[in-house]
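J.: Below: one structure in structure tokens.
A short reminder: the numbers here are calculations on the coordinates, not readings from a lab. This one's a predicted model, so the numbers in the text were calculated from it and none came from an experiment. Note that we place each Cβ from the backbone using ideal geometry, even for glycine, and neighbour counts take in every protein chain shown.
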Amino acid sequence: MGIFDALTTAVSGLQAQSFALQNISGNIANSQTIGYKETDTAFDALVSQAALGEQTSGGVFATSVASNGVQGTIQNETVATDMAINGQGYFVVTKPTGSSGTNPQFSGVNDYTRRGDFQMDSNGYMVNGAGYYLMGVPVNPATGTATSSSPQVLQFNNDFLPAQATSSINYAANLPSAPPTGVLTPGSYHADPTVAGTGTVEGQDTATFTNQSLDGGSITAYDSLGNQVDVQLRWAETANSGGTSQWQLFYQTSNATSGTTVAWQNAGTVFDFNASGQLTSPTASSLTLTGLAVNGDTIGNVTFNYGGNLSQFASSTGSVQVTNLTQNGFGAGSMQSLSVAGGQIVGSFSNGQTVALANVTVATFNGQDSLQPLDGEAFAATPESGNPNFSGTGTVVGSSLEASNVDIATQFSQLIVAQQAYSANARVMTTANQMIQSLLQVIQ
């Protein structure tokens, strides 16, 4: 190896350190960029062939080393649609290739990013700060099931949640051990004796029935069109002997106060309580209110769930103490806002409902450090990275963002090393030049 070889080796050293400085510069510049992954530098020796014992020192070649698998700090944010991935994985995104009017056009090519500062634009798309559109799997808001098996560009503009008819009522209450109204015999208040015992109360008997029964609570239910239906309940003690008692549940079918119109319908179940105030019969946990209708507004069959939640203990007021009365129906509503929860895009609607609208897709790669970097903290799949796997283990965290994984202190220390190495290589070039000049002077 001669002087000229030393000179060219020093030149490769300058180039390698310049390459390292470029990576360090990019890392420092992006130390505050959301989801940015720092690029490190690896140096490889370039050794020429030589016989054993001869000089083999050669040049150096610098290459970039990705740190895609190194997670940045997850930071809490106030924007509800911000999201971060805790663990391995990438958001599936795409960039429009053009537009048709105000609607973006997509090529079908997927990209991947850890940058999660997504917000809904005027067209209802979720777009991050670098202009990438979020992809995921839409969810049927009525059933909660996914509507496709592969991710697609998500759009939520003007989403409308249809009404859901009430199909179940959850109930919990304590019936008083000594009701002040006495004992009600089923069917004894029917004007027509031929219908006595059928468990219905006609309008002309509502006053008597009300006086000898107890308010069991009321709840607003919904029919299939979202119309509100006021469902009222009443309890009547129909037998009491030796410390045990029987109660029956009635629900209002009409607000009639006269005539033969059925105003209250027996639920068709006798509830037996022992002397300790515990429900002994029936052993089932629910009953069906068949064809529930109030004042002509039909809801349909409704499951009345009470299992383990009915008792008969002393009550100072002698009234029914309702501790739970809920139902699962709701009226139609328009979307008011979006948020991220449990790995899903969740919509809040004007009817008070919060419903999942889409699953956020997380992609992983066997060779993630071989992904091709793109502008805007995004990556493209390569043959070396492999195809994406959409069953990633990373967890999507809402109202959060992943910070850059660049450590400033480390970058500055590497900057000092690169600067000194660059200066040393420049010194070698100066020395080699001086030696060449000395050689030229000898020839002169």
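J.: 222 nm [θ] for the chain, helices only, -39500 (n - 2.57) per DSSP H run of 4+, per residue, to 500?
T.: That comes out to -5500 deg cm²/dmol.
J.: Give me the percent relative contact order of the chain, please, defined on Cα pairs under 8 angstrom at least 6 residues apart. The partial results should precede the final answer.
T.: Numbers: 1046 pairs, mean separation 105.4, N = 444.
It comes to 24 percent, rounded to a whole number.
J.: Okay, next question. Using a simple charge model, +1 on the beta-carbon of Lys and Arg, -1 on the beta-carbon of Asp and Glu, nothing else, what dipole does the chain show about its Cα centre, in debye to the nearest 20? All intermediate terms of the calculation are to be shown ahead of the outcome.
T.: Working: 6 positive and 26 negative charges, 52 e Å.
Dipole about the Cα centre, nearest 20: 240 debye.
J.: Please compute the Kirkwood hydrodynamic radius over segment 168-327, one decimal place, Å, based on all pairs of different Cα atoms.
T.: For segment 168-327, inverting the mean 1/r across all distinct Cα pairs yields 15.9 Å.
J.: Another question about this same structure. Could you compute the net charge surrounding residue 75? Neighbours are other residues with a C-beta less than 12 Å from the C-beta of residue 75; K and R count +1, D and E count -1. Walk me through the intermediate numbers first.
T.: Working: positive: none; negative: 77, 82, 117, 402.
Its environment carries a net charge of -4.
J.: While we're on this one: From the residues 317, 253, 280, which one has its Cα farthest along the dipole of segment 168-327 in the positive direction, the dipole being from +1 and -1 charges on Cβ of Lys/Arg and Asp/Glu about the Cα centre?
T.: Toward the positive end, the furthest listed residue is 280.
J.: Oh, and also: Need the full-extension length gain, residue 218 to residue 319, defined as separation in residues times 0.36 nm minus the C-alpha distance. One decimal, nm.
T.: Residue separation times 0.36 nm, minus the Cα-Cα distance, leaves 34.9 nm.
J.: Here's a follow-up. How large is the charge dipole for segment 168-327, taken about the Cα centre, if only the Cβ atoms of Lys, Arg (+1) and Asp, Glu (-1) carry charge, to the nearest 20 debye?
T.: 280 debye
J.: On a C-alpha basis, how far is the centre of segment 285-314 from the centre of segment 71-106 in Å? Whole number, if you could?
T.: 46 Å
J.: Could I ask something else about it? Counting Lys and Arg as +1 and Asp and Glu as -1, each charge on the Cβ, what is the dipole of segment 1-137 about the Cα centre in debye, to the nearest 20?
T.: The dipole magnitude comes to about 260 debye.
J.: Starting from segment 299-349, pick out the chymotrypsin sites (Phe, Trp or Tyr not before Pro) whose DSSP state is loop and whose Cβ has at most 16 other Cβ atoms within 10 Å.
T.: Within segment 299-349, the qualifying chymotrypsin sites (Phe, Trp or Tyr not before Pro) (loop, at most 16 other Cβ atoms within 10 Å) are 313.
J.: Check which residues have an amide H placed less than 5 Å from residue 293's amide H, if you skip close sequence neighbours.
T.: 299
J.: So, in Å, what gap is there between the alpha-carbon centers of segment 392-431 and segment 232-262?
T.: 78 Å
J.: Putting +1 on Lys and Arg Cβ atoms and -1 on Asp and Glu Cβ atoms, find which of 336, 357, 120 reaches farthest to the positive end of the dipole of the chain.
T.: Projecting each Cα onto the dipole axis, the largest value belongs to 120.
J.: I would also like to ask the following. Would you work out which of 2, 210, 154 lies farthest towards the positive end of the dipole of the chain, given +1 charges on the beta-carbon of Lys and Arg and -1 on that of Asp and Glu, about the Cα centre?
T.: Towards the positive end, the residue furthest out is 2.
J.: What length, rounded to one decimal in nm, is gained on full extension from residue 416 through to residue 239, with 0.36 nm per residue of separation minus their alpha-carbon distance?
T.: Working: separation 177, 0.36 × 177 = 63.72 nm, distance 9.27 nm.
That pair, residue 416 and residue 239, stretches by 54.4 nm at full extension.
J.: Calculate how large, on average over all directions, the projected area of the Cα convex hull of segment 247-339 is; give the answer in nm² to one decimal. Don't skip to the end; give the middle numbers.
T.: On the way: hull surface 40.1 nm².
If I average the Cα hull's projected area over directions, I get 10.0 nm².
J.: Given a cut-off of 39 Å, what percent of all Cα-Cα pairs of the chain lie beyond it? All intermediate terms of the calculation are to be shown ahead of the outcome.
T.: Details: 52453 of 98346 pairs.
Counting pairs separated by more than 39 Å, the tail of P(r) holds 53 percent.
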